[in-house]
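Step one of this worksheet: look at the structure below.
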Amino acid sequence: MNESSIHPGRLVMVDIQGKTLDAATAAFIRDHQIRAVCLFRKNLGTEAEVRQLTRDLREAMGPDALIGLDQEGGSVVRATFLPQAPSAMALGAAGDEALAESVGAAVAQGLRGIGINWNFAPVTDINNNAANPVIAERSFGETAETVTRLAGAWMRGSLAAGVACCIKHFPGHGDTHVDSHLDLPTVDKTREQLNALELRPFKALRDLAPSMMTAHIVYPKIDPAYPATLSRRILGGILREEWGYDGVVITDALMMKAIAERYGYAKAAVLAINAGADMILAQGSLDEQAQSIQALHEALGSGALTAERVRQSAARLDRMARAYPVRFDDYQGAQRDADDALMRRAWAAGLSALRGALPPGLDQPLRVLVQDLVPTDGVSEAGPTGAQARALFDGHRDVEFVALHDIAALDWTSLPSDGRLNIVVSTHRARYGEQARRWTPDLHLVLWNPFQALDVAAPTVVSWGYADGALAALKGWLQGAAPAAGQSPVTLN
């Protein structure tokens, strides 16, 4: 086989800059035989605009096109106009396998209607580190059993509904203190320790998963030289040779600082494919994306990358694209309404009360402290607004709202002792820090990162997210009209 047999662009997933496919990008896709595009929030306008964009992409890329995005549920969703799925940890708190499967199917039905055939979900990381800055409620829980059972159910639903899943982030991002978007994390565990926890869901679900996404994390006791994304010992050794995994392996974004600042686009692209990945996620300008493609071309020409390795990856990608083709099913009317109702039921089933939390009386004077604005961090959607938090108390008759620029800077001693019940409503993702240990609210409502419950010793209700269904369930509880019967799948006491 010669280099010209398969164009290296077939192994590169790109992103695009706008909400429409411009002529230059369409030409770039055709010229480099790109068959995969990842969409982000910046690309998604109205539902009709997204359908037109994916139609145009499908025409430019051909019948084996792969159009992907992150539609995990909770705070990591891109198509926000679709029925809003619960976070993985909300499903973990509900603990219902059939519910998780139904949610996975409903997510896929929505995506199929807008021309998406590859969803970078579910997360199979085990969040056993309360300080984890990037996973948290994106995980189903802190045990391998919980994650395997519920992620497997979610995935069965999605696959049956016609959208390819991608479990992530192999071999496990749940025990990190560092966000790999910003730096290169290290997990200093032995293979035996990884076998006992992090690797278990990936191994158990490998035959079901059509694809896996890699983690930009160094595991020095396995490969001290390279992060998993670029490691032959991890991708080629554990995943391919030991486990016999023959599905698609895609890298997490090479533009993330964990990779880009240490290896550069070009070198990382070749290292990843040689390590055992099939597709690299190369975001950035057309010039930056072209660097990755050119690097693969040059590696083929020099023999640093073999034609057989390229052919093998292309075949895996072809197989997945043909099993899960791009479709544009009608997703309006009764099915969509039923899926929206399902998502709301699932959010409500996960609502969890801790430390004896009880709803305040409707006539009880309240003081509600909330940060008004939480912008997006680029991974998650923007957090809930102060207006959404205030709406939770529409049924209460005497509420004083205190709007904060930064809730973590709250000085508890500044609050008057006037008989009002003090309620802290958390709308942001980061842990509070040490000063929160001096707070003494009568009630703590956690709308995002559940591990904030560890920072404040107070009766607490955790919603695991801030979608409409999560907020509706919490509002029902505050008014004494709905239960909070979920059981936390992570240790919060």
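The values are calculated or read from the model by the stated rules, or taken from the named source; none is laboratory data. Everything numeric in this text was worked out from a predicted model, so none of it was measured. Note that each Cβ is placed from the backbone with ideal geometry, even for glycine, and that neighbours are counted across all protein chains shown.
See the values below:
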| read-out | value |
| --- | --- |
| Those residues of region 287-324 which are hydrophobic (A, V, I, L, M, F, W, C) and either more than 12 Å from residue 9 (Cβ to Cβ) or in contact with a Pro (Cβ under 7 Å, 6 or more places away or on another chain) (or both), in sequence order | 293, 296, 299, 300, 304, 305, 307, 310, 315, 320, 321, 323 |
| Pair list, Cβ under 6 Å, 6 or more apart: region 197-219 residue closer than 19 Å to residue 251 by Cβ, other residue of a type in the set (S, T, N, Q) and assigned to a helix (DSSP H, G or I) | 214/229; 216/229 |
| Number of positions in region 314-325 that are in a loop (DSSP other than H, G, I, E, B) and either more than 23 Å from the chain's Cα centre (by Cα) or surrounded by fewer than 21 Cβ atoms within 10 Å (Cβ to Cβ) (or both) | 1 |
| Residue within region 44-64 that is modelled with pLDDT of 95 or more, in contact with a Phe, Trp or Tyr (Cβ under 7 Å, 6 or more places away or on another chain) and under 23 Å from residue 273 (Cα atoms) present | no |
| Matching residues, region 312-354, being closer than 22 Å to residue 63 by Cβ, small (Gly, Ala, Ser) and free of Cβ contacts under 8 Å to residues at least 60 places away in the same chain | 315 |
| The lone exception for residue 134 - which of (1) surrounded by 24 or more Cβ atoms within 10 Å (Cβ to Cβ); (2) outside any helix (DSSP H, G or I) it fails | (1) |
| Breaking point among (1) in contact with a Ser or Thr (Cβ under 6 Å, 6 or more places away or on another chain); (2) farther than 15 Å from residue 124 by Cα, for residue 184 | (1) |
| Residues satisfying the stated conditions in region 114-136, i.e. in contact with a Gly (Cβ under 7 Å, 6 or more places away or on another chain) and either more than 30 Å from residue 317 (Cα to Cα) or without any contact (Cβ under 8 Å) to a residue 12 or more places away in the chain (or both) | 128, 129, 132 |
| When residues of region 219-233 are limited to those that are buried (at least 24 other Cβ atoms within 10 Å of the Cβ) and aliphatic (A, V, I, L, M), the one nearest to residue 274 (Cα to Cα) | 230 |
| For residue 308: the one exception among (1) of a type in the set (D, E, K, R); (2) in the same structural domain as residue 274 (by TED's automatic domain parsing); (3) surrounded by 14 or more Cβ atoms within 10 Å (Cβ to Cβ) | (3) |
| Any chance residue 377 is surrounded by fewer than 21 Cβ atoms within 10 Å (Cβ to Cβ), farther than 25 Å from residue 473 by Cα and either touching a Lys or Arg at 6+ places or on another chain (Cβ under 7 Å) or at pLDDT below 95 (or both) | yes |
| Residues being at negative phi and either assigned to a loop (DSSP other than H, G, I, E, B) or not assigned by TED's automatic domain parsing to the domain that holds residue 101 (or both) - total across region 208-266 | 23 |
| Test for residue 150: is it buried (at least 20 other Cβ atoms within 10 Å of the Cβ), outside any loop (DSSP other than H, G, I, E, B) and out of contact with any strand residue (DSSP E or B) (no Cβ under 9 Å at 6 or more places or on another chain) | yes |
| Residue that is farther than 22 Å from residue 341 by Cα, modelled with pLDDT of 95 or more and touching an Asp or Glu at 6+ places or on another chain (Cβ under 9 Å), where the choices are 441, 450 | 450 |
| Flag if residue 367 is surrounded by 17 or more Cβ atoms within 10 Å (Cβ to Cβ), without any contact (Cβ under 8 Å) to a residue 60 or more places away in the chain and either basic (Lys, Arg) or closer than 30 Å to residue 64 by Cβ (or both) | yes |
| Output for region 247-302, where each listed residue is touching a His at 6+ places or on another chain (Cβ under 8 Å) and among the basic types (Lys, Arg) | 257 |
| Selected residue (only one of 453, 467, 473, 430 is in the same structural domain as residue 417 (by TED's automatic domain parsing), surrounded by 21 or more Cβ atoms within 10 Å (Cβ to Cβ) and out of contact with any strand residue (DSSP E or B) (no Cβ under 9 Å at 6 or more places or on another chain)) | 473 |
| Residue within region 382-390 that is modelled with pLDDT of 95 or more, out of contact with any Asp or Glu (no Cβ under 7 Å at 6 or more places or on another chain) and under 29 Å from residue 159 (Cα atoms) present | no |
| Filtered residue count, region 275-296, keeping only those that are out of contact with any Gly (no Cβ under 7 Å at 6 or more places or on another chain) and either outside the structural domain of residue 170 (by TED's automatic domain parsing) or part of a loop (DSSP other than H, G, I, E, B) (or both) | 5 |
| In region 158-173, residue nearest to residue 281 (Cα to Cα) [restricted to those that are small (Gly, Ala, Ser) and surrounded by fewer than 24 Cβ atoms within 10 Å (Cβ to Cβ)] | 162 |
| Scope region 435-493; condition farther than 12 Å from residue 424 by Cβ and in a strand (DSSP E or B); matching residues | 462, 485 |
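Residues checked against (1) part of a helix (DSSP H, G or I); (2) farther than 21 Å from residue 487 by Cβ; (3) at pLDDT below 95:
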| position | (1), (2), (3) |
| --- | --- |
| 93 | yes, no, no |
| 99 | yes, no, no |
| 102 | yes, no, no |
| 105 | yes, yes, no |
| 109 | yes, yes, no |
| 116 | no, yes, no |
| 121 | no, yes, no |
| 126 | no, no, no |
